[in-house]
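*Asks:* Once you've had a glance at the structure underneath, I'll fire off some questions.
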Amino acid sequence: MALDAVRKFARLAPRDRAVLTRTVFTLALSRLVTWVLPFPVGRRLLVGKRRSRQTVTGDQIRWAMHHAQRVIPKATCLPQAVAAEALLTRGGLPAHLQIGVKKTPDGKLTAHAWVESDGRIVVGYLRDLDAYTRLPTLPPAWPESRAAKFS
């Protein structure tokens, strides 16, 4: 099984291998920081500043995250969303981390995180996403005014 995965990885185009490798690494870091650090601190560390040149597309991130989440233990929606936000932002693309909540039939509250870019859901799509009440959109991890100070 593992050997088959290595063969598939080796057959990918170099660009796809690079995007997948970066996504696995970023998701692993995201999983770690969302577990160990307070959310705002971990998110700021991982997302970093916006870069101007586009190096990836939302479709590439979606594809790579689909595969990366299979190899990172407990890579639930929140680590995936933070990792996708980091990859998109660092690639110069807009990224909006969204969190929503809903009540289950047995009265429990459940939450879900996803990332939107250019009006499309990149990571975290669910069929019943409309059932979640969106919390206010999270501000960027590095607001533009602060990011300019660190350039």
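Each reported figure results from applying straightforward, stated rules to the coordinates on display, with no laboratory input. Only a predicted model underlies this, so the values are computations on that prediction, with no experimental measurement involved. Backbone-built Cβ (ideal geometry, glycine too); neighbour counts: all protein chains shown.
*Asks:* Has the stretch 106-122 got any residue that is within 17 Å of L27 (Cα to Cα) and in contact (Cβ under 8 Å) with a residue 40 or more places away in the chain?
*Replies:* Within the stretch 106-122, one or more residues are within 17 Å of L27 (Cα to Cα) and in contact (Cβ under 8 Å) with a residue 40 or more places away in the chain.
*Asks:* Within the stretch 46-61, does at least one residue satisfy the condition of being in contact with a Phe, Trp or Tyr (Cβ under 8 Å, 6 or more places away or on another chain), on the phi > 0 side of the Ramachandran plot and either charged (D, E, K, R) or surrounded by fewer than 16 Cβ atoms within 10 Å (Cβ to Cβ) (or both)?
*Replies:* Yes.
*Asks:* Right, here's the next one. Which ones in the stretch 51-91 are under 12 Å from the mean Cα position of the chain (by Cα) and acidic (D, E)?
*Replies:* E85
*Asks:* Just to confirm my filter: which helices (runs of 4 or more DSSP H) fall fully inside the stretch 1-81 and include at least 1 residues that are of a type in the set (G, A, S), without any contact (Cβ under 8 Å) to a residue 60 or more places away in the chain and over 24 Å from L126 (Cβ atoms)?
*Replies:* On the way: elements: 2-11, 14-36, 39-47, 58-68.
Where helices (runs of 4 or more DSSP H) fall fully within the stretch 1-81 and carry at least 1 residues being of a type in the set (G, A, S), without any contact (Cβ under 8 Å) to a residue 60 or more places away in the chain and over 24 Å from L126 (Cβ atoms), they are 2-11, 14-36.
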